[in-house]
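Here is the structure we will look at, set down as structure tokens.
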Amino acid sequence: MTSTPDWSTTPFFRQFGVRVEETREGYARLSIPREAVRLRGARDSINGGLVAVLGNAAMQVCLHTLMGPGERAGRTHELTVAFLDSARGEVTSIEARVLRKGGRIVVGEVELRDTADGALNAKLRVTCEVVRVATPEPR
């Protein structure tokens, strides 16, 4: 497995107070406090564009749990969002799961929920690529 990035030091995670709560093989759970989000959408909720970005970030964290030697997470090929309810809770939980990892493509799903009552705010399907990295041959 490749080394795990220190997500808390990335500009996006710092800007919005995103925390990685849990990771395991093929799974990641993140959280974001609503007060850290100044970009608001309908009914004073987390903006829909930010919901999409949060889902993509969660899938990147999730994907890193499956990277083997000579692999790294690549770009996102497709992302679809079903907005189900306004994300207005004090803390929103973002859970990502890999559905299938092939040789070059990974498909996963992400759910955003109000942490307090479990209300499902959005469901995303994300398709990402796996990039093969050339590893130097031993001398």
* Structure fact -> When the chain is treated as a Gaussian network with springs between alpha carbons less than 10 Å apart, the largest mean-square fluctuation among 102, 26, 74 is found at 102
* For the chain, the longest stretch holding no GluC sites (Glu not before Pro) located in a DSSP loop with at most 10 other Cβ atoms within 10 Å is which? -> 26-89
* Asked: In degrees between 0 and 90, to the nearest 10, how far off the longest principal axis of the chain does helix 48-64 point, with axes built from Cα atoms?
  -> 30
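Per the helix-only calculation at 222 nm, which mean residue ellipticity applies to the chain, given -39500 (n - 2.57) for every DSSP H run of n ≥ 4 and division by its residues, nearest 500 deg cm²/dmol?
On the way: 2 runs with 23 residues, N = 139.
Calculated mean residue ellipticity at 222 nm is -5000 deg cm²/dmol.
Got a sec? How would 125, 14, 29 order by Cβ neighbour count within 10 Å, fewest to most?
Listing 125, 14, 29 from fewest to most nearby Cβ atoms yields 14, 125, 29.
May I ask you to sort 72, 34 by Cβ crowding, counting other Cβ atoms within 10 Å and putting the fewest first? Walk me through the numbers before you get to the answer.
On the way: 72 13, 34 18.
Arranged by neighbour count, lowest to highest, 72, 34 become 72, 34.
So if I place +1 on the C-beta of Lys and Arg and -1 on the C-beta of Asp and Glu, and nothing else carries charge, what would the dipole magnitude of the chain be about its Cα centre? I want it in debye, nearest 20. Could you put the intermediate results ahead of the total?
Values: 20 positive and 17 negative charges, 71 e Å.
Around 340 debye, computed over the chain.
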* Asked: When the chain is treated as a GNM, springs tying every alpha-carbon pair under 10 Å, which of 121, 56, 47 comes out with the largest mean-square fluctuation?
  -> 47
* Looking at [x] 14.9, 49; [y] 15.5, 61; [z] 15.9, 51, which value of Rg and Dmax of the Cα atoms in Å comes from a calculation on the structure shown? -> [y]
* To do: With an 8 Å cut-off on Cα pairs and a minimum separation of 6 or more residues, tell me the relative contact order of the range 1-135 in percent.
  => 25
* Structure fact -> Sorting 73, 20, 53 by the position of each Cα along the dipole of the chain (Lys, Arg +1; Asp, Glu -1; all at Cβ), the one nearest the positive end of that ordering is 73
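Bear in mind that the values in this text are calculations on the coordinates, not laboratory data. Quantities reported herein were computed from a predicted structural model and do not represent experimental measurements. Here Cβ is always computed from backbone atoms with ideal geometry, including for glycine, and neighbour counts include all displayed protein chains.
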